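Here the structure is laid out as structure tokens; the discussion comes afterwards.
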Amino acid sequence: MNNIKDSVRLLFNLSEEEVNIFLSEFTKKEIKKNEIFIADGEICNKVGLIEKGLMMCVYNKNGNEIIEEFAFENSFITNYYSYLTCKPSEKEIRCIEDTIVHVITRQGLDKLGNEYQFIRDMARQMNERLFLRNHDRVKSLLLDSPPERYLQLVSQRKDLAQRIPQYLIASYLGVTPETISRIRNKISTGLY
């Protein structure tokens, strides 16, 4: 829990007391590899904070999985669209590894937000960060080449290339697994 406390403190510049208040409504859960955190068709009423492990957000189109996002240690995970609209999720959030996640319900988060201004400030900051991250992702998909997108991914989190199977990275980047192989080969020979 100390690692989570430190992460929250640094992410939002909170005092020890504020961190404890925020985390007071969270429940620790252990989820096995391939288990679902939020199911396709479920209305999302929770937010997770990953202590250990790795999750992915997956759309299913005609039997093909399309990866929207990866979430790893010290990051929040939810289906924000479903959470905001109270509409059924159109994607699932699944564990790629055995995962320890701290979960807060909508009810718990609303309770804290009604009681504490700093929680409302945190929500605003998270919304801003989410908007900026999604903006950067769309911009990258529109303007960057596959090798540039791959290099951005691995520069953000060096261990992801070892933790995530190549076909999932390919789906996330919108390319084929063969393209990822070619990119990796060119990187290893110094062409990128």
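Do the conditions hold for Leu132, that is, is it open to solvent by less than 90 Å² (accessible area, probe 1.4 Å) and part of a helix (DSSP H, G or I)?
The answer is no for Leu132.
Out of all the residues in the range 22-30, is one or more buried (at least 16 other Cβ atoms within 10 Å of the Cβ), within 15 Å of the chain's Cα centre (by Cα) and of a type outside the set (Lys, Arg)?
Scanning the range 22-30 turns up no residue that is buried (at least 16 other Cβ atoms within 10 Å of the Cβ), within 15 Å of the chain's Cα centre (by Cα) and of a type outside the set (Lys, Arg).
If Gln125 passes every condition in (1) under 25 Å from Tyr83 (Cβ atoms); (2) surrounded by 14 or more Cβ atoms within 10 Å (Cβ to Cβ); (3) out of contact with any Gly (no Cβ under 9 Å at 6 or more places or on another chain) but one, which one does it miss?
Status for Gln125: all satisfied but (2).
Evaluate the range 155-164: report whether one residue or more is in contact (Cβ under 8 Å) with a residue 60 or more places away in the chain, touching a strand residue (DSSP E or B) at 6+ places or on another chain (Cβ under 9 Å) and assigned to a helix (DSSP H, G or I).
Within the range 155-164, one or more residues are in contact (Cβ under 8 Å) with a residue 60 or more places away in the chain, touching a strand residue (DSSP E or B) at 6+ places or on another chain (Cβ under 9 Å) and assigned to a helix (DSSP H, G or I).
Taking only the range 13-57 into account, find how many residues are over 19 Å from Ser82 (Cβ atoms) and either touching an Asp or Glu at 6+ places or on another chain (Cβ under 8 Å) or among the acidic types (Asp, Glu) (or both).
Number of matching residues: 12.
To keep it simple, each residue is scored yes or no on (1) within 13 Å of the chain's Cα centre (by Cα); (2) over 26 Å from Ile36 (Cβ atoms).
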{"site": "Glu92", "(1), (2)": "yes, no"}
{"site": "Ile96", "(1), (2)": "yes, no"}
{"site": "Val101", "(1), (2)": "yes, no"}
{"site": "Gly108", "(1), (2)": "no, no"}
{"site": "Gly113", "(1), (2)": "no, yes"}
{"site": "Gln117", "(1), (2)": "no, yes"}
{"site": "Met122", "(1), (2)": "no, yes"}
{"site": "Glu128", "(1), (2)": "no, yes"}
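Which fully enclosed strands (runs of 3 or more DSSP E) of the range 33-124 have 2 or more residues being of a type in the set (Lys, Arg) and touching a residue at least 12 places away in the same chain (Cβ under 8 Å)?
Answer list for the range 33-124: 46-52.
What tally of residues in the range 1-21 results from selecting those that are open to solvent by less than 80 Å² (accessible area, probe 1.4 Å), within 20 Å of Asn114 (Cβ to Cβ) and not polar (S, T, N, Q)?
Counting residues in the range 1-21 that are open to solvent by less than 80 Å² (accessible area, probe 1.4 Å), within 20 Å of Asn114 (Cβ to Cβ) and not polar (S, T, N, Q) gives 6.
Take the residues of the range 52-66 that are surrounded by fewer than 10 Cβ atoms within 10 Å (Cβ to Cβ) and of a type outside the set (D, E, K, R): which is nearest to Tyr172 (Cα to Cα)?
By that ranking, first place goes to Asn64.
When you go through (1) open to solvent by less than 30 Å² (accessible area, probe 1.4 Å); (2) modelled with pLDDT of 95 or more one by one for Ala71, which number turns out not to apply?
(2)
Ser140 is checked against (1) assigned to a helix (DSSP H, G or I); (2) within 14 Å of the chain's Cα centre (by Cα) and fails just one. What number does that condition carry?
For Ser140, the exception is condition (2).
The values are calculated or read from the model by the stated rules, or taken from the named source; none is laboratory data. Bear in mind the structure is a predicted one, so any value in this text is a computation, not a measurement. Neighbour counts run over all protein chains shown; Cβ positions are idealised from the backbone, glycine included. Remember, those area values only see protein heavy atoms, side chains included, never the ligands or the DNA or RNA. Shrake-Rupley method; radii C 1.70, N 1.55, O 1.52, S 1.80 Å.
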